[in-house]
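See below for the structure under consideration.
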Amino acid sequence: MAYPDYIKTKVGPNLWRVDDCGYVYYQDRQGHIYNPCYNCGELTPERQLDDYENNCPKCWREAHSCYQCGEYCEKLHEGQDGHSYCDPCFIEYLLEQHQRRNNMDLNQFVKWQQEKPKTRHVNIEITYDETKIWVYDFALMVGQHVKSVEEIHLEGVREAREKVEYERLKAKFEGGTNCQQQNSDALTE
Ligand SMILES: [Zn+2]
Ligand SMILES: [Zn+2]
């Protein structure tokens, strides 16, 4: 189907939508070009979008505000918690993490392991900004990442895994020949 190369539609006072060979932008009478902010969709002068990585000034500001103090900062640090921090707040955040780690009672894992010393296994990895704890039971053949012994529920993990396996086998053997046919087709394609 033929499509006009250039369409100009009035969309507001002193604002037109221009479709130029499939490339869409907005323009005012003075020739200033606007485009939607990548984040919120607000029409924003092209020059600002260029300055703010395709964001409107408001979204840019929000994306560059420290999670803790709210200060605008060009360069933020990404914390393990998924939030961004300015320099001083990031240091505070790391110290807090450090504090929390020191308060972590690692002895409780020793006790947990000793309850079933032949099958239980605890792996503790301490790095500059976090402590990773992996617990495993060789009898159950399941493991978990946890922060405290209260979080350990290996039997539950085991049960969930068995249920998934059961559903898989059930689908395999009760699915009938149709299903198997489809599977082998899929494999050969
Ligand atoms: Zn925006
Ligand atoms: Zn801050």
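Readers should treat all values here as calculations from the given coordinates under stated rules, not as data from a laboratory. Keep in mind that what you see is a predicted model, and the values were worked out from it rather than measured. In this analysis, Cβ positions are derived from the backbone assuming ideal geometry, glycine residues included, and neighbour counts consider all displayed protein chains.
Of note:
- Residue-count net charge about Pro4 - beta-carbon cut-off 11 Å; Lys, Arg +1, Asp, Glu -1: -2
- Relative contact order for the chain: 7 percent, from Cα pairs under 8 Å spaced at least 6 residues apart, divided by residue count.
- Dividing the summed -39500 (n - 2.57) terms of all DSSP H runs of n ≥ 4 by the residue count of the chain sets its mean residue ellipticity at 222 nm at -12000 deg cm²/dmol.
- Close Lys-Lys pairs in the chain, where close means Cα under 20 Å and separation is 8 or more or interchain: 6
- One quarter of the surface of the convex hull around the alpha-carbon atoms of the chain equals 21.8 nm², the direction-averaged projected area.
- Across the stretch 51-56, computed HN-Hα scalar couplings (Karplus, 6.51 cos²θ - 1.76 cosθ + 1.60, θ = phi - 60°) run 5, 10, 6, 6, 10, 6 Hz from first to last residue, x flagging Gly and Pro.
- About its Cα centre, the stretch 1-63 has a charge dipole of approximately 280 debye under the convention of +1 per Lys or Arg Cβ and -1 per Asp or Glu Cβ, with nothing else charged.
- Scalar couplings 3J(HN,Hα) for the stretch 151-163, obtained by applying the Karplus form with A = 6.51, B = -1.76, C = 1.60 to θ = phi - 60°, are 7, 6, 8, 4, 4, x, 5, 4, 4, 4, 5, 4, 5 Hz; x denotes Gly and Pro.
- Cα gyration tensor category, rounded, prolate or oblate, for the stretch 48-112 with a/c compared to 1.5: prolate
- Karplus-derived 3J(HN,Hα), 6.51/-1.76/1.60, for each residue of the stretch 98-113, Hz, glycine and proline x: 4, 4, 4, 5, 5, 7, 5, 8, 6, 4, 4, 6, 4, 4, 4, 5
- At most 11 other Cβ within 10 Å, DSSP loop - trypsin sites (Lys or Arg not before Pro), the stretch 13-85: Arg29, Lys75
- Only the Cβ atoms of Lys and Arg (+1) and of Asp and Glu (-1) were treated as charged; on that basis the dipole of the stretch 42-130 about its Cα centre amounts to roughly 800 debye.
- Computed from point charges on the beta carbon alone (+1 for Lys and Arg, -1 for Asp and Glu), the dipole magnitude for the chain about its Cα centre is near 460 Debye.
- Amide H contacts under 5 Å for Leu43, placed H, 5+ residues apart: Cys37
- The modelled label-to-label distance for the pair His98/Ala63, using points 7 Å beyond Cα in the direction of Cβ, is 3.2 nm.
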